[in-house]
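Here's the structure we're looking at; comments come further down.
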């Protein structure tokens with residue numbers, strides 16, 4: 001199961017809108033920075049294909065300016 005963390009930079013003035021849209025997508029945990037206009041985003045999906053589809057949905061959000069991958073790893077399901 002891929003777990004990835006991102007920094008999501010909103011369009012100026014759209015931080016709350018972006019946060020709400022990300023939460024609605026599911027498979028995401030969103031933590032807003034208190035002193036910056038950025039969101040920490042952690043995704044947890046069952047497989048790489050699901051992760052790719054989720055990332056495409058995230059990147060299509062109008063309130064998103066930039067999405068930066070911070071780290072990612074795949075947990076073996078043994």
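Using Cα pairs closer than 8 Å and at least 6 residues apart in sequence, work out the relative contact order for the chain, in percent.
RCO, the chain: 50 percent.
Once the Cβ-Cβ distance between residue 35 and residue 71 is put in as r, and R0 is 30 Å, what FRET efficiency do you end up with, to the nearest 0.05?
Rounded to the nearest 0.05, the efficiency is 0.85.
Readers should treat all values here as calculations from the given coordinates under stated rules, not as data from a laboratory. Being a predicted model, the structure only gives us computed values, none of them experimental. All Cβ positions, glycine included, derive from the backbone under ideal geometry; neighbour counts span all protein chains shown.
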